[in-house]
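To start, the structure itself, in structure tokens.
The values are calculated or read from the model by the stated rules, or taken from the named source; none is laboratory data. All of these numbers come straight from a predicted model, not from anything done at the bench. Methodologically, a virtual Cβ is constructed for each residue, glycine included, from the backbone with ideal geometry; neighbour enumeration extends over all protein chains shown. Only protein heavy atoms, including side chains, enter the accessible area calculation; ligands, DNA and RNA are left aside. Shrake-Rupley method; radii C 1.70, N 1.55, O 1.52, S 1.80 Å.
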Amino acid sequence: MAKTQSKTKIPPVYAIVGKDSFLVNKDCEKLVNSLIPPEQQEMGLVVLDPDKTEASHVLDELRTPAFLAERKVVLIRQADNFISSNSELLIKYLDSPASKGILVLTASALRSNTRIAKKIKSAGRLKQISRPSYREMASYPAEYAKNNCGKKLSSSTARLIIEFAGEEPQMIANEIEKLAVYVGDRDKITEEDVEALCGANRTFGVFNVIDAMSSGQAGQAVSRLRNLFTSDKDAEYTAVGAFAFHFRRMFKAKAMLSKGESEQRAGQMLGIRYKSDQFFRGLRNWPLVNIAEVIQALRRIDYQSKTGQARVKVEIEQLVVKAASRNRKK
């Protein structure tokens, strides 16, 4: 019996670490619900602000039993600075943690070779969350729909959702959740549902910007880009990913055509459904090397924006003008 209890004993600390805040928060939500039932969370869950809370208060909360709840869970999100500033105190606490208190931390990064990371691993659980790889992304929509909405997707429907929403997990999740509400009691989301509901989003806005770039209409491309940023307050944070998704697909299509594949075959293999004729017509104006240069520029913008070295709106607008001007000279 004692052996069984040791297996089911709940650790005193959990840390969920990853750069994609959406994926980290989703995993954290599942963890918290597994530790303390939703109906007990009002009494047993304490959520603290890492920038406004002293470590001593956190430890007091962990040591104070929950009222009318089996255990107490203390949650601190975005705890990077909190962890680094209080690592020694946390290590000391974890040497003799409270029996009914559980500390849950989320952070964007935590080096595995630090003492606090090693202590969390030995005393509890440290989970690294990474974005789905390119191959994993193909199955991500179906997995999310099944696990979070109880809905089924075919592989072709999943590809269509990625085409509409781009490759950002949060945008894919948002579209699937809207689709789940849209289909109601039906257990399956179809391609027709996706086309009906998701026809006007930022990915299509980006497609229209690229279409103007392809024909060398720099002014129209910039105008469409500015409309995209004005109409969608989140576009500044997701536009780089949406542009990269389109240009990577353009690169693959161009490479396939150069090897003798037909446009129809390339479109089928790459899942190009939205305005496919317009897509391939515009693609004819793009040398492969120019597409590659745009992809490299988007990678640079993405990195610099995440490190505070670039303003996305300005950088993308400059990129759009430069690429469109090249096509105008043809």
What is the one condition in (1) over 21 Å from His246 (Cβ atoms); (2) open to solvent by 40 Å² or more (accessible area, probe 1.4 Å); (3) assigned to a helix (DSSP H, G or I) that Ser130 does not satisfy?
(3)
Select from segment 144-155 the residues that are more than 14 Å from Asp27 (Cα to Cα) and either open to solvent by less than 100 Å² (accessible area, probe 1.4 Å) or assigned to a loop (DSSP other than H, G, I, E, B) (or both) and list them in ascending order.
Ala145, Cys149, Gly150, Lys151, Leu153, Ser154, Ser155
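Could you look through segment 69-110, keep only residues that are in a helix (DSSP H, G or I) and of a type in the set (Asp, Glu), and pick out the one that is surrounded by the most Cβ atoms within 10 Å (Cβ to Cβ)?
Across segment 69-110, the extreme among qualifying residues is Asp80.
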Residues of segment 188-242 being modelled with pLDDT of 80 or more, open to solvent by 30 Å² or more (accessible area, probe 1.4 Å) and not in a helix (DSSP H, G or I), which ones?
Lys188, Thr190, Ser215, Gln217
Would you pick out the residues in segment 158-187 that are within 13 Å of Gly241 (Cβ to Cβ) and outside any helix (DSSP H, G or I)?
Gly166, Glu167, Glu168
Subset of segment 294-308 [without any contact (Cβ under 8 Å) to a residue 24 or more places away in the chain and either in contact with a Pro (Cβ under 6 Å, 6 or more places away or on another chain) or more than 19 Å from Asp20 (Cα to Cα) (or both)]
Gln296, Ala297
Given (1) surrounded by fewer than 19 Cβ atoms within 10 Å (Cβ to Cβ); (2) modelled with pLDDT of 90 or more; (3) closer than 30 Å to Leu35 by Cα; (4) not β-branched (Val, Ile, Thr), Glu136 misses just (2)
Yes/no for Ile102 being closer than 17 Å to Ile116 by Cα and touching a Lys or Arg at 6+ places or on another chain (Cβ under 7 Å):
yes
Restricted to segment 287-330, and to residues that are open to solvent by 60 Å² or more (accessible area, probe 1.4 Å) and under 20 Å from Glu167 (Cβ atoms), which residue is modelled with the lowest pLDDT?
Lys306
Out of segment 133-143, which residues are in a helix (DSSP H, G or I) and in contact with a helix residue (DSSP H, G or I) (Cβ under 8 Å, 6 or more places away or on another chain)?
Met137, Tyr140, Pro141, Ala142
